[in-house]
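Asks: Sharing a structure with you now.
The values are calculated or read from the model by the stated rules, or taken from the named source; none is laboratory data. What you see is a predicted model, and the numbers here were worked out from it, not measured in a lab. Reconstructed Cβ throughout: ideal geometry from the backbone, glycine too, with neighbour counts over all protein chains shown.
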Amino acid sequence: MAGDLKQQLKATSSRFEHFSIDETVDITGIAQIAVFIRACDNEFNIYEELIELIPVHDTTTSQDVFDKVEHVLQDCGLDLSKLACLATEGAANMVGRRNGVAAMLRTKIENSHPDSSFAHFHCIVHQQNLCSKILKLDHVLSLVTTTVNYIRGRALNHRQFSQLLEGTDNRFIDVPFYTEDRWLSCHKMLKRFYLLRQEIVTFLEMKGQNTDEIRDENWLQDLAFAVDITARLTDLNLKLEGKNKLITQLYDDIMCFITKISLWKSQLSNEHLVHFPKCKELKDTANTWSVLSFAKYFSHLELLSKEFQDRFRDFSSFEHQFALCSAPFIYDVTKAEESLQMELLEVQSDSTLRAKYLEVGKVCLKDYGNVQLYICE
């Protein structure tokens, strides 16, 4: 069956006009390089496939990885001259400016095809997760993780805590684990911990554990902020994942998030917590909260914004290409490559195509329920 699938891919690849590849490395005793392909044929059909899982039993130098990736591409009948892009997770042997796999691929392609427009990107989802680590909330995550592990890591503790929850008016029966390589689990754990914080304190005191830090108002404030900001980051992560997402859409999502951070900074500096519901809830229910300021998280958001801008700076050099792809009917023809200008003018002058383009735009508004309702009203 595997051989038949590979033969099908070879037959299909002959129709590819352009293709890009992505890789991820999982080191578990033996390094495994997963090579994914995304391609477009002459009828604009999009293909996304895992083409090979390559075991590396010896060293994993740039040359080792390059040789194996090149062999896989050749074995699948893929023409390197049509390789438009490589996406990686940022491992040193992949991204080295001179000796990395990306640089070696670029050199090989440009030597045989000087007019190539080969591009290399650091995986957007991976970079977004790295940006999240700049928030300096380790003291919150550390205590929450330690406490959850204490509850879940021992069978007796787990049973007793579950029984405690069953005896209360609570819809939850447990607290979830968190694993660092699964970012989405972070928000789930923090949110559940926040919602069950009173029951958790009660349980820890029953077990003779110190709860001073969990009771500390400043720490609870940090916890509430962590829940709210990880909720926003999780929403972004979910937008970036999934099949059939174009790089223009991913870039738009990232730039939109940076703009949102600017709004949050402005609102937090004025203690306006409309987009931070757990912070607002904590402020509204705590008697002494007027002496504590949520404006201190302005600096956290400032760091987060700067980290996003720094990590995605390379993408800004492709803004013209992104704009041409996402809005061809309003794109400034003088900024397009000369080889595209005449055809682009013909596209922009086609009233039928323009009408279809505008109709698609209306359909896309269904993803923005509030905006669609506002426009209809």
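Asks: Before we move on, is D284 touching a strand residue (DSSP E or B) at 6+ places or on another chain (Cβ under 8 Å), within 29 Å of T230 (Cα to Cα), at pLDDT below 90 and surrounded by fewer than 16 Cβ atoms within 10 Å (Cβ to Cβ)? Break it down stepwise before answering.
Replies: Details: touching a strand residue (DSSP E or B) at 6+ places or on another chain (Cβ under 8 Å): no; within 29 Å of T230 (Cα to Cα): yes; at pLDDT below 90: yes; surrounded by fewer than 16 Cβ atoms within 10 Å (Cβ to Cβ): yes.
No.
Asks: Then there's this: Just for segment 64-78: of the residues that are in a loop (DSSP other than H, G, I, E, B) and in contact with a strand residue (DSSP E or B) (Cβ under 9 Å, 6 or more places away or on another chain), which one is surrounded by the most Cβ atoms within 10 Å (Cβ to Cβ)?
Replies: First, the residues of segment 64-78 that are in a loop (DSSP other than H, G, I, E, B): 76-78.
Remaining after also requiring in contact with a strand residue (DSSP E or B) (Cβ under 9 Å, 6 or more places away or on another chain): 76, 78.
Working: C76: 19, L78: 21.
Filtering first and then ranking leaves L78.
Asks: Can I ask one more? Which of (1) in a strand (DSSP E or B); (2) surrounded by 19 or more Cβ atoms within 10 Å (Cβ to Cβ); (3) over 25 Å from the mean Cα position of the chain (by Cα) is the odd one out, the single condition I33 does not satisfy?
Replies: Condition (3) is where I33 drops out.
Asks: Something else about it: Can you list the helices (runs of 4 or more DSSP H) found entirely within segment 189-253 that contain at least 1 residues being more than 19 Å from G167 (Cβ to Cβ)?
Replies: Numbers: elements: 197-206, 212-215, 217-240.
Because the criterion is at least 1 residues that are more than 19 Å from G167 (Cβ to Cβ), the helices (runs of 4 or more DSSP H) in segment 189-253 that meet it are 212-215, 217-240.
Asks: OK, next. Looking for whichever is closer than 23 Å to I261 by Cβ and modelled with pLDDT of 95 or more here; the options are D235, D228. Which one fits?
Replies: Exactly one of D235, D228 is closer than 23 Å to I261 by Cβ and modelled with pLDDT of 95 or more, namely D228.
Asks: Select from segment 308-341 the residues that are aliphatic (A, V, I, L, M) and surrounded by 11 or more Cβ atoms within 10 Å (Cβ to Cβ) and write down the one among them that is modelled with the highest pLDDT.
Replies: Within segment 308-341, the first condition is being aliphatic (A, V, I, L, M), and the residues that meet it are 323-324, 327, 330, 333, 336, 340.
Filter again for surrounded by 11 or more Cβ atoms within 10 Å (Cβ to Cβ), leaving 323-324, 327, 333, 336, 340.
Details: A323: 87, L324: 86, A327: 86, V333: 91, A336: 88, L340: 87.
Per the criteria, the residue is V333.
Asks: Evaluate segment 99-110: report whether one residue or more is under 30 Å from I258 (Cβ atoms) and outside any helix (DSSP H, G or I).
Replies: Yes, segment 99-110 contains at least one residue that is under 30 Å from I258 (Cβ atoms) and outside any helix (DSSP H, G or I).
Asks: For segment 90-111, give me each residue that is without any contact (Cβ under 8 Å) to a residue 24 or more places away in the chain and either crowded, with 20+ Cβ neighbours inside 10 Å or at positive phi (or both).
Replies: Once the filter is applied, which keeps residues that are without any contact (Cβ under 8 Å) to a residue 24 or more places away in the chain and either crowded, with 20+ Cβ neighbours inside 10 Å or at positive phi (or both), segment 90-111 yields only A102.
Asks: Identify, please: which residue in segment 47-63 is touching a helix residue (DSSP H, G or I) at 6+ places or on another chain (Cβ under 8 Å) and not aliphatic (A, V, I, L, M) and is, among those, surrounded by the fewest Cβ atoms within 10 Å (Cβ to Cβ)?
Replies: D58
Asks: Turning to a different aspect of this structure: For the structure I just gave you, tell me whether A87 is surrounded by 20 or more Cβ atoms within 10 Å (Cβ to Cβ), assigned to a helix (DSSP H, G or I) and not charged (D, E, K, R).
Replies: It is false that A87 is surrounded by 20 or more Cβ atoms within 10 Å (Cβ to Cβ), assigned to a helix (DSSP H, G or I) and not charged (D, E, K, R).
Asks: State all residues of segment 355-370 that are modelled with pLDDT under 85 and either of a type in the set (D, E) or over 26 Å from L238 (Cα atoms) (or both); if no residue qualifies, say none. Write out each step before concluding.
Replies: At the first step, the residues of segment 355-370 found to be modelled with pLDDT under 85 are 356-370.
Residues satisfying the conditions are K356, Y357, L358, E359, D367.
Asks: Looking at segment 4-18, is at least one residue surrounded by 13 or more Cβ atoms within 10 Å (Cβ to Cβ), touching a helix residue (DSSP H, G or I) at 6+ places or on another chain (Cβ under 7 Å) and either at pLDDT below 85 or under 24 Å from N244 (Cβ atoms) (or both)?
Replies: There is at least one residue in segment 4-18 that is surrounded by 13 or more Cβ atoms within 10 Å (Cβ to Cβ), touching a helix residue (DSSP H, G or I) at 6+ places or on another chain (Cβ under 7 Å) and either at pLDDT below 85 or under 24 Å from N244 (Cβ atoms) (or both).
Asks: How many residues, within segment 77-89, are over 21 Å from F312 (Cβ atoms) and either charged (D, E, K, R) or without any contact (Cβ under 8 Å) to a residue 40 or more places away in the chain (or both)?
Replies: Number satisfying all stated conditions: 4.
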